1. Do any helices (runs of 4 or more DSSP H) lying entirely in segment B:197-297 carry at least 3 residues that are in contact with a strand residue (DSSP E or B) (Cβ under 9 Å, 6 or more places away or on another chain), and which ones are they?
2. Would you confirm whether any residue within segment B:146-162 is surrounded by 20 or more Cβ atoms within 10 Å (Cβ to Cβ), at pLDDT below 80, at negative phi and under 13 Å from the mean Cα position of the chain (by Cα)?
3. For segment B:130-143, state whether one or more residues are farther than 25 Å from residue B:275 by Cα and either touching a strand residue (DSSP E or B) at 6+ places or on another chain (Cβ under 7 Å) or surrounded by fewer than 24 Cβ atoms within 10 Å (Cβ to Cβ) (or both).
4. Using the structure shown, decide if residue A:362 is touching a residue at least 12 places away in the same chain (Cβ under 8 Å) and part of a loop (DSSP other than H, G, I, E, B).
5. Please find, within segment A:59-81, the residue that is modelled with the lowest pLDDT out of those that are in contact with a helix residue (DSSP H, G or I) (Cβ under 7 Å, 6 or more places away or on another chain) and more than 20 Å from residue A:146 (Cα to Cα).
6. Among (1) surrounded by fewer than 22 Cβ atoms within 10 Å (Cβ to Cβ); (2) at pLDDT 85 or above, there is one condition residue A:284 misses while meeting the rest; what is its number?
7. Go through segment A:71-121 and report how many residues are crowded, with 17+ Cβ neighbours inside 10 Å and on the phi > 0 side of the Ramachandran plot.
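The values are calculated or read from the model by the stated rules, or taken from the named source; none is laboratory data. Since we're looking at a predicted model, the values are computed, not measured. Glycine gets a Cβ as well: all are built from the backbone with ideal geometry, and neighbour counts include every protein chain shown.
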């Protein structure tokens, strides 16, 4: 079974992906902390982190740029920090604005785009722009080359597919090839494309109202000078994602639904020819396989040891419930490993405390970065 | 009834539980999923329902609202001339515009929810429902989703879509007929998000939250003194007894920290909080939802 260290060997980008609520943010922060402790200069790009996690990393006053986490905070947890941990909170709108400023041929076109209501909608609210901007920021940091490893916490899309397709959808929208015609609906283009288009436009106008259409036309006009720049950049971003130095980790939980989504997401990664590294299953109820034979007379044995029959009964019931969950988790993880044909399935146990500070992160790192033998030992220890 | 909350907190389970309860009271009920999700039908171990109203149990229906289908249906209802409709659907530019216009997908999805909730259904052979339950998208997208009609009404200042967006906004904010529930988990982040979600829903969307469900609460199985006894056992024993004691201590610790989160949640939100028990069950199927249905209060 491969360890996370083997998977991340020689990688300069690690992207944590998965559906919402599976612990992506925590996992990303833990990976970054662990790799930094080993001596790398690492930056974690996170989106909407838990307030207390942000506080503990000293992230509260962070804007859209990387800041270094005080190594003393990590060493307080008994972890030697050989490298550097940096972190930033991604601001999608600000990143988009920066990108426009960079691509715009002059100030006037820049302001025309920034002031456009359609742009404001897209940059802040349109599903997909967060994903696109996360990639954009990743590309920017990678190009600047200041870090050994970048860890990206992807936005909480409910459907994992969105995350892969959103950037493409958004660039297509911005390119708006078929919409050139729409900028001058009565011009030559309309004649060439025929009556169908103008009727379709007419109906669309009727349905969405003229103002919106005018705003859209204005948006595409304002954007027209930047299309080529955007296309070229999008190509380079895509190339970076498919680079062998990039590694996608799928993060999921042990229940049926997150497992199904992880399988689905893995398939999408393979189809898109993106480099899959492994899967991290959070909040696993660790098994007590080897103990199953003794469980039969457990209530009696416990009653004898505790001197309290009722308590013993409750302890045994609780244990049976726990066993049922750990059996389910083991079943689901076996299924996952078989579907993904991967040897890298890293299980992080359901810890007794919520993870929202550096203490919790270093605790998680013990499992994330454990070797195969250590993992077996820890599994036995927890059980 | 709109059911919302952070990803992975059990929105679908709660939505289905609400549906089961209403159906058992004799109300003709439908559970709507958005963005082509099929989690509800999966809970019933039913084949995918797609953009169709399908009966899961007596009085309980399910639909997965696909925005493209909603758009199609909307246009069909708007345009009476058949030739025009056909041309429109064939037109690449129309499909492109429909896909590119920010928020249009969300708007037509809400439009479909509105249509399902009408006493006088717009679609042919549509029968009225007594209750429409919406399994809304996860937070982040959640507020944006419910806000779409308001945003749209302000972007499209004129035209039919302007007045329709206003109708939808009134529909969402009509507290007499439309209720909202937030689902949370007794953990740090979900509690924080639920608190800010309630505030955003109230201030930005104009929706009042009727209830917050705190899902997955562990029972308090052990007292403090008992936990001390079990700690000693975990240290001194081996094998199954140690494992059982460890599991009990873990449960005890979780149950306690969950109660701290519960009190944080109660302080943070203004809507009443109702707790739902953690179900020690391998898969959350319809029987699990049925158990919760009895505890919704």
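1. On the way: elements: B:224-236, B:239-268, B:286-293.
By residue number, B:239-268, B:286-293.
2. Among the residues of segment B:146-162, not one is surrounded by 20 or more Cβ atoms within 10 Å (Cβ to Cβ), at pLDDT below 80, at negative phi and under 13 Å from the mean Cα position of the chain (by Cα), which makes the answer no.
3. First pass over segment B:130-143, keeping only residues farther than 25 Å from residue B:275 by Cα: B:130.
Next cut, either touching a strand residue (DSSP E or B) at 6+ places or on another chain (Cβ under 7 Å) or surrounded by fewer than 24 Cβ atoms within 10 Å (Cβ to Cβ) (or both) only: B:130.
Looking through segment B:130-143, at least one residue is farther than 25 Å from residue B:275 by Cα and either touching a strand residue (DSSP E or B) at 6+ places or on another chain (Cβ under 7 Å) or surrounded by fewer than 24 Cβ atoms within 10 Å (Cβ to Cβ) (or both).
4. Details: touching a residue at least 12 places away in the same chain (Cβ under 8 Å): yes; part of a loop (DSSP other than H, G, I, E, B): no.
Considered against the rule, which asks whether it is touching a residue at least 12 places away in the same chain (Cβ under 8 Å) and part of a loop (DSSP other than H, G, I, E, B), residue A:362 comes out as no.
5. Filtering first and then ranking leaves A:60.
6. With (1) surrounded by fewer than 22 Cβ atoms within 10 Å (Cβ to Cβ); (2) at pLDDT 85 or above applied to residue A:284, the lone miss is (1).
7. 0
Every residue, every condition in (1) under 17 Å from the mean Cα position of the chain (by Cα); (2) within 11 Å of chain A (Cβ to nearest Cβ), yes or no:
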| site | (1), (2) |
| --- | --- |
| B:211 | yes, no |
| B:222 | no, yes |
| B:228 | no, no |
| B:231 | no, no |
| B:238 | no, yes |
| B:245 | no, yes |
| B:256 | no, yes |
